[in-house]
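These notes are about the structure you will find just below.
Please treat every number below as a calculation from the coordinates, not as lab data. These numbers come from a predicted model, not from an experiment. Cβ sites come from the backbone with ideal geometry, for glycine too, and all protein chains shown count toward neighbours.
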Amino acid sequence: MDFEKLTGTNGFVLLDGAMGTLIQKSGAEYRHSPETLNITEPDLIASFHRAYIEAGSQIIYANTFGANAYKLADSGFSVEEIIRAGVRNAKSAAEGRALVALDVGPIGMLLEPAGSLRFDEAYDYFKQQIIAGQDADLIVLETMTDLYELKAAVLAAKENCDKPILATMTFERDGRTFTGVSPAAAALTLSGLGVDALGVNCSLGPDELEGVVAELTRFTDLPLIVKANAGLPDPNSNEYNISPKRFAECVSELLKYGVRYVGGCCGTTPEYISELKAMLADRSYVPVPKEAGACVCSASTVVEIDRPRIIGERINPTGKKAFQQALVNDDLDYILTQALSQVEGGAEILDVNVGHPEIDEARMMVRALTSIQSVCDAPLQIDSTKPAVLEAGLRRYNGKPIVNSVNGEEKSLASVLPLVKKYGAAVVGLTLDENGIPKTAEGRFAIAKRIVERAEALGIDRREVFIDCLTLTVSAEQDACRETLRALHRVKTELGCRTCLGVSNISFGLPNRELVNSTFLTMALEEGLDLPIMNPNLPAMTGAVRAYRVLAGFDKNSLDFIAAYNDTKPSAPKAEKTVDLTSAVYRGLKNEGAAVTEQLLQSRDAMEIVNELLIPALDKVGEDFEKGRIFLPQLIQSANAAQECFEVIKRHLNASGKGEVSKGKIILATVKGDIHDIGKNIVKVLLDNYGYTVVDLGKDVDPQLIVDTAVSRGITVIGLSALMTTTLKSMEDTISLIRRTPELQNPDGTSKCVVFVGGAVLTREYAMKIGADYYCRDAKESVDAAKRVFG
Amino acid sequence: MTLPEKLDRGEAIRYLGGAGIELTDEMNALIDDCERELLSVIAPKYRCITVALPCEEIMRGEDIRRHLEGCDRAVMLCATLGAQADRLIRIAQVSDMARAVVLDSLASVAIEQVCRMIDEMIAAENPGEYLTFRFSPGYGDYPIELQKTFLTMLDAPRRIGLSMNESCLLIPAKSVTAVAGLSKEPIPKRKRGCAVCSLKNTCRYRRNGEHCGF
């Protein structure tokens, strides 16, 4: 029996019901986890499988759900022993009457960014299970709540076997998983990754799943799986409240959404499977094609390209000194701030380009994508000229991204399109090739056609190839604008592709660029532009797209437009004219502080303002905080306001040629194992504001990374935080490694490094005992420590 | 479960630095705004199970034995504000750190309020019995490693989306696991006391001669 021939006359595939429920009912005792019964009670487990097969199950799930190295750690058995026994039991029960699935559940630890398990570690857990389960007929990945973890599992399955893959997630009553994954995002991402069927298991009863199933089907062509619970458990008796008959009735209501695989989860028994079989007898499977067009997504947010959508262009270091410096410094805050402000401005998708000759672009791309995804829901566009960077990003992106870009050159087509297919992305196709950019619309159209044909040959939907007909500078070649727009029109109408276009290039060398850009944008939209790549923080540009969506009839009843411009928020209080610098800083008024600083610079020396006004104001705030007269957020606001003033002064000094140097460089990290990093982040903001350069290594940081960074960057001041008693040991280990590293020692063997430490449970005595130089009770004391170190 | 419309403002202010500090209009407005935002994104979830005592899986160390003395059953519970609270605080740490600090404090208040509501429910479901206060892994000599036992027994990852990392830190962060004893006899009222608290050496309140209230 094989997977393709499984489907009976009516086209449905009957799965099994719960294993755990049968184990519980049998009263079988196990020491560690139910999977150990595979070895201690093989006949019992086989008898449960047999009961399901006799009830009609065509696919049975081996008793391997939690058989991963993390959960089995102190079970006394290896993953291989448990899984092989589990598959063997199922095979012996099946005797060729049913297929046996290797059942793979969540690892039991959360992945980054919410948790601390790394993607590659998750992949390795799954890989071990997949290899151990090589005798199974197919792979089932189920009860997942994190799309990222599920992606690691799908990749592990795809790359380590060629069995069919069924993937199901668990959704809550609000229609999302615990981690916030929407059914639409799950359907898009899993379809892209090439699973054979997808759907929902566990969660709720089948009576409450219609919304989830209806949404799944809208975003995939694949057959759906429904393996629901038998309703809800009674808190006291733990009995589930939906009868087998009613269960089958509810499932029958879901079949119209393209459900092909049905079975049961918690609370279901062979009786439920019998009822399902009876219900399916006079029904037949009807595939339901995907209704949505081109879409991209993060784990929580889907953007359908059914109207012009704004791609924010600003995460790109080209021509931006501050960004380039941030990349060299490994400073992700710059990127995160850009991401949030573009979304605030109206961007719906963000382009991410971190190309810079002095850095490891693939590593930075992964860091940028994962960090942005930890704070921002917008889908991302992975932008690089290097296939290795694209692949690194594609692998670690959570959701369905866009690849920017492929072009008509053979080398590009051959290296980029297979990646797009493997990871299920959409792709930008540039209409240029080895001969450069064709002058005419016809030349560009021909390249577009070539790209689309090559993509389709690999099974990539042409609607997910976004053709970029390339904007040239109108001041250099005036006719080129027409050619771009003509090409765009032809691509849209004749090829049926979505189109994208970087808009800002058009106006190089002209005054009033924004006017030229927004006019060009409007023209392009009318020719069929779907995805302008632009600066969303320019109101005229974003406004042009929003207005176009109203005028072209996309924005029904102008709802989005009104929401964007009918500002009901109270307007920000007007800058107070009379405020002086000291009170602006003291009260945390950023804009006022900056304005007053500008004024003062006209009459007073910059350093005089710093030394006589700003520093004393900050000192007063610090003192008040220490004495318990103001709240911590007020200290932070004051420091922010002071930084705003420093920025004004810095610009002034740069303009007048008196360069300015950082007061000193400091590494900050929350130690290995600890994920509570708000304290460290507060320290960072303050140190920043006081003029120090902070290299922030984040949370859960390996001691070796801290040492390596100190050595490679020549930084000898290191701040460490640990919030929990359990992670203080990690802090001690880190300090010990710092002290032992020869590169961080003076010729006489003493340490070059100054280490300051802080954290809620840390005491001065303990800090000294583990070899720290400074104990900082709060963020303010960290600044004091820095002042003492750097003078 | 639904949260009350208002969070305990006094407690939030104590987390933020103490009741003695003058609350400016700006600070008040910031707290209001953060409270609104937090309450709009969180969806607290919890689960309780009742176990007969002695329950060897959870009896480790002296403190828990003393704590459950005289009880014949205990309620184990887990509760979380959910992943969205963590995310909100994470975003604020990028865009506005002052706000992040306020959100963080309010979220701590919120999870404690959730736990108090659960206490009340437990009390209502067990009329005529007396409930000890909640005792959590990490208090006193009660090992933090028991977090894994609590999560497994409560089926917390699957039921409410609560898990932990290798250092036994709960994820999402604004979450609680605890056990409270049920007794037929009145339990002498006492404060949780500082002796079992892991913050006893660094606590702000103690420094100022105050008590956190637990």
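Quick check: convex hull of the Cα atoms in segment A:3-280, volume per residue, rounded to a whole Å³?
Working: hull volume 33.1 nm³, N = 278.
Output value, Cα hull per residue: 119 Å³.
Only loop residues by DSSP count here, and only those with at most 12 other Cβ atoms within 10 Å; note down the GluC sites (Glu not before Pro) in segment A:335-410 that meet that.
Values: sites: A:Glu344, A:Glu348, A:Glu358, A:Glu361, A:Glu391, A:Glu409, A:Glu410; in loops: A:Glu348, A:Glu358, A:Glu409.
Those satisfying the criteria are A:Glu358.
Per residue of chain A, the DSSP helices (runs of n ≥ 4 H) give a summed -39500 (n - 2.57) that works out to -13500 deg cm²/dmol at 222 nm.
Taking N as the residue count of segment A:665-790, its C-alpha radius of gyration divided by 2.2 N^0.38 Å amounts to 0.93. Taking every DSSP beta bridge that has both ends in segment A:665-790, the antiparallel portion is near 5%. Annotation: amide H-H contacts under 5 Å for A:Gly719 (H modelled 1.01 Å from N, sequence separation of 5 or more, or interchain): A:Ile667, A:Leu668, A:Ala669, A:Phe756. Note that segment A:591-706 shows a convex hull volume over its alpha carbon atoms of 116 Å³ per residue. Label positions at A:Ala214 and A:Glu477, each projected 7 Å from the Cα along the C-beta direction, are separated by 5.1 nm.
Divide, for segment A:438-588, the radius of gyration over alpha carbons by 2.2 N^0.38 Å, where N is the residue count.
Numbers: Rg = 20.7 Å, N = 151, 2.2 N^0.38 = 14.8 Å.
For segment A:438-588, the normalised Cα radius of gyration is 1.40.
Segment A:581-655 gives an Rg/Rh value of 0.99, both radii derived from C-alpha positions and Rh following Kirkwood. Histogrammed with a bin width of 10 Å, the alpha carbon distances of segment A:31-138 distribute as 16, 45, 28, 10, 1 percent, first bin at zero.
The long axis of helix A:147-160 is offset from the longest Cα principal axis of chain A by roughly 60 degrees.
Taking the longest Cα principal axis of chain B as reference, the axis of helix B:25-41 is set at about 50 degrees. Annotation: the antiparallel percentage among DSSP beta bridges lying fully within segment A:128-251 is about 5. Beta bridges assigned by DSSP with both partners in chain A are antiparallel in approximately 10 percent of cases. Expressed as an acute angle from 0 to 90° and rounded to the nearest 10, what is the orientation of the C-alpha long axis of helix A:728-740 relative to the principal long axis of chain A? Rounded to the nearest ten degrees, it is 60.
Just want to confirm a number: the relative contact order over segment A:665-790, from Cα pairs under 8 angstrom separated by 6+ residues, in percent. Spell out each step's value before the answer.
Details: 229 pairs, mean separation 33.8, N = 126.
Relative contact order of segment A:665-790: 27 percent.
The alpha carbons of segment B:9-205 give a radius of gyration and a Dmax of 17.8, 53 Å, in that order. Note on chain A: Cα-only Rg and Dmax are 30.1, 93 Å. For segment A:328-457, the alpha carbon convex hull comes to 119 Å³ per residue, rounded to a whole number.
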